[in-house]
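Peer 1: Quick one: this structure, given as structure tokens, is what I'll be asking you about.
The values are calculated or read from the model by the stated rules, or taken from the named source; none is laboratory data. None of the values given here were measured: they were computed from a predicted structure. Because the Cβ atoms are built from the backbone with ideal geometry, glycine has one as well, and the counts that use them run over all protein chains shown.
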Amino acid sequence: MRAAILAILSVVILAGCAQTPSSPAASSPAAQETPPDPNRTLVVAIRVEPSTLTTRPLRQAGVGLYLPSRSFNGQIALLDDQSNVRPYLVETLPQLNTDNWRVFPDGRMETIYRLRPTITWHDGEPFTAEDFVFGWRVYSTPGLGHSGLPPYNAIDEVQALDRQTFVIRWRQPYPDTSFVAGLNVEFPPLPRHILERALVPDQIEAFANHPFWTREYVGLGPFKLDRWESGAFLEGAAFDAHIWGRPKIGRIKLSFIGDANTAMANVLSGDVQLTDGTSIGLPETAILKRQWAPQNGDFVLHPNQWRAANFQMRPDFVTPRALQDPRVRKALAHAVDKSILNETLYDGDGILADGVVPPMSIWGPAAERGAIKYPYDLRRSEQLMAEAGFARGADGQYANVDGRFTFEVKTNAAADNEAEVTVLASGWRQSGFDANEAVLPSALAQNPEARATFVGMFTNSQNLGESALLGLSSNAIPRAENRWSGGNRGGWSNAEFDRVLEAFTSTLGRGEREQQLAQLVRVHTEDLPSISLFFRAQPWAYANALRGPKLVPPEGNMSWNIQEWELR
């Protein structure tokens, strides 16, 4: 059923590209006849320079960079384009009620994983089960800020049974032992031979600044880091000993291009063969459809992010205090016309959102049952503001006895982000809300403290589905004491949500979990710490010379099979 839904979604999303060729090769016979060249370099435009190449940064990244993460790393499993979970670093995945996945009467649990043989790190050192044990030691170290987050908050111990086998001993049932919100990218191994001596309890900051995390990165993925020019680009070379074979493309260059128009110009000139979903937005995609795609390339629009306007929920940061009133938040939600946003900004290609779980997700039907929706309704918006003690004055703006209701709505610097905030703020002002626009500079886009300490609202994209729900727990609130780690940047805390989430992450039965997920969505949309806007499609534009990119599920990574891509 998931594969069928994905196929339907592909048709819907790509309908706007009906005038582009069904296959890049169809419009370019010369490209079709040219054999792949393993010595060519694939040049990719990405919007920001990564703070690290690891799948789980010690400091919250702030911007999802899926292609760099996949290119340089290996995970327990990968989700392919047909929604199948493929073992990657391990030979097989645990199966419930077998010797490799046992649940005990007291609620504890064990899962066992055996590594594929003869895997090596990029520096040639053998990869062993002890590297998973060491990864657990690092991320469960309290001072690094991850010990209270999934899956580490559910694990008692990780132990190597031999060089190829490790066991995870869980303090509770944990359903996601291979993919989705579980162990895919959330439980990475780390090279013990490089980092173990640096892990000193009273020198956490020095460990976090170790050059391994940046310019001396050593991973397990299809490409190994070869060169990193700060502020400009990084390059990787094909890794001959890659688990699934040497990549068919010899080198990859990730160019850091923060301006979408500049990225588009590089595509038009042929200097860039691929955009990774972050470097251009849907407005630029509409231009490329007309000026570039018919003869030179194609697109895949991957709806893999939940786009929302998040409220600041912490009293220490929020201004004005009225934003802590759920009636005010709901009034603002009813004053957002998402259809106009979609047509104005995204050429109609956006998928409207009522919550964090997309309808095409495996949890879509359950989420739909739980979601409380806020359609565009200015009359209802005015009623809610009246209940909260506000009325529109002679100037048409809402005010109460303390004065005009004024708030800030902020976003990351990027042409489409800023255009979105402009349209949102303009609509709110016309509806009586004095909204002021603000932009977080690109230099701070990956600064977790700056991302979490906004004063009013912040529009951003983040993970969707089950992963997004896990990121909304009280444990996921960024704080100084956890090094500002966690995806709950607005600081929302709800005891009922936390209670149901704890049950959801410790229940193995599918039917019961669906009910719990519906409850989670209901609590979130009832309290409304975020106004859901879209399931934002990331545009992956690729030249005819590149063969391989294809649409994957919302939870997947477009570059999951990058080792199979060809450049002609």
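Peer 1: Quick one: in the range 231-280, which of the residues that are out of contact with any Lys or Arg (no Cβ under 8 Å at 6 or more places or on another chain), polar (S, T, N, Q) and not in a strand (DSSP E or B) is nearest to R307 (Cα to Cα)?
Peer 2: N261
Peer 1: Do we find a residue being under 24 Å from K253 (Cβ atoms) and of a type in the set (A, V, I, L, M, F, W, C) anywhere in the range 112-127?
Peer 2: Within the range 112-127, one or more residues are under 24 Å from K253 (Cβ atoms) and of a type in the set (A, V, I, L, M, F, W, C).
Peer 1: So which residues in the range 111-136 are part of a helix (DSSP H, G or I) and closer than 11 Å to V90 by Cα? Can you show your working first?
Peer 2: Within the range 111-136, the first condition is being part of a helix (DSSP H, G or I), and the residues that meet it are 129-136.
Result: A129, single match.
Peer 1: Moving to a separate point now. Counting only residues that are of a type in the set (S, T, Y) and surrounded by 22 or more Cβ atoms within 10 Å (Cβ to Cβ), which one in the range 370-408 is farthest from N463 (Cα to Cα)? Steps first, please.
Peer 2: From the range 370-408, those of a type in the set (S, T, Y) are 374, 376, 381, 398, 406; that's our starting set.
Right, trim to surrounded by 22 or more Cβ atoms within 10 Å (Cβ to Cβ) and you get 374, 381, 398.
On the way: Y374: 21, S381: 29, Y398: 34 Å.
The extreme case among them is Y398.
Listed here are the residues, each with its yes/no results for (1) buried (at least 23 other Cβ atoms within 10 Å of the Cβ); (2) in contact (Cβ under 8 Å) with a residue 24 or more places away in the chain.
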| site | (1), (2) |
| --- | --- |
| M313 | no, yes |
| K330 | yes, yes |
| A335 | yes, yes |
| L341 | no, yes |
| M360 | no, yes |
| E368 | no, no |
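Peer 1: Residues G236, G270, G221, G245: which one is of a type outside the set (A, V, I, L, M, F, W, C), touching a residue at least 40 places away in the same chain (Cβ under 8 Å) and in contact with a Gly (Cβ under 6 Å, 6 or more places away or on another chain)?
Peer 2: Numbers: G236 fails: in contact with a Gly (Cβ under 6 Å, 6 or more places away or on another chain); G270 fails: in contact with a Gly (Cβ under 6 Å, 6 or more places away or on another chain); G245 fails: in contact with a Gly (Cβ under 6 Å, 6 or more places away or on another chain).
Being of a type outside the set (A, V, I, L, M, F, W, C), touching a residue at least 40 places away in the same chain (Cβ under 8 Å) and in contact with a Gly (Cβ under 6 Å, 6 or more places away or on another chain) holds for just one of G236, G270, G221, G245, which is G221.
Peer 1: Follow-up question, since we're still on this one. Report those helices (runs of 4 or more DSSP H) wholly inside the range 337-400 carrying at least 1 residues which are closer than 22 Å to A286 by Cβ. So that I can check it myself, show each step before the final result.
Peer 2: Working: elements: 338-346, 364-370, 378-387.
Once the helices (runs of 4 or more DSSP H) in the range 337-400 are filtered for at least 1 residues that are closer than 22 Å to A286 by Cβ, what remains is 338-346.
Peer 1: Here is a follow-up. Looking only at residues in the range 91-125 that are of a type in the set (V, I, T) and over 30 Å from the mean Cα position of the chain (by Cα), which one is surrounded by the most Cβ atoms within 10 Å (Cβ to Cβ)?
Peer 2: Looking at the filtered set, the residue picked out is V103.
Peer 1: Quickly run through the range 238-281 and pick out the residues that are charged (D, E, K, R), modelled with pLDDT of 95 or more, more than 20 Å from V218 (Cβ to Cβ) and surrounded by 17 or more Cβ atoms within 10 Å (Cβ to Cβ).
Peer 2: Quick first cut of the range 238-281, residues charged (D, E, K, R) only: 240, 246, 248, 251, 253, 259, 271, 276.
Those left that are additionally modelled with pLDDT of 95 or more: 240, 246, 248, 251, 253, 271.
Applying the additional criterion that residues be more than 20 Å from V218 (Cβ to Cβ) yields 248, 271.
Scanning the range 238-281 gives a single hit, K248.
Peer 1: Working carefully through the options A333, A394, A366, find the one that is at pLDDT below 95, in the same structural domain as Q515 (by TED's automatic domain parsing), among the small types (G, A, S) and under 29 Å from S467 (Cβ atoms). Break it down stepwise before answering.
Peer 2: Working: A333 fails: at pLDDT below 95; A394 fails: under 29 Å from S467 (Cβ atoms).
Going through A333, A394, A366 in turn, the sole match is A366.
Peer 1: Also, I was wondering about something else. Can you name the residue in the range 370-391 that is among the aromatic types (F, W, Y) and touching a residue at least 60 places away in the same chain (Cβ under 8 Å) and, of all such residues, is farthest from L528 (Cα to Cα)? I'd like the intermediate steps shown before the answer.
Peer 2: Of the range 370-391, the ones among the aromatic types (F, W, Y) are 374, 376, 390.
From what's left, touching a residue at least 60 places away in the same chain (Cβ under 8 Å): 374, 390.
Working: Y374: 10, F390: 19 Å.
Result: F390.
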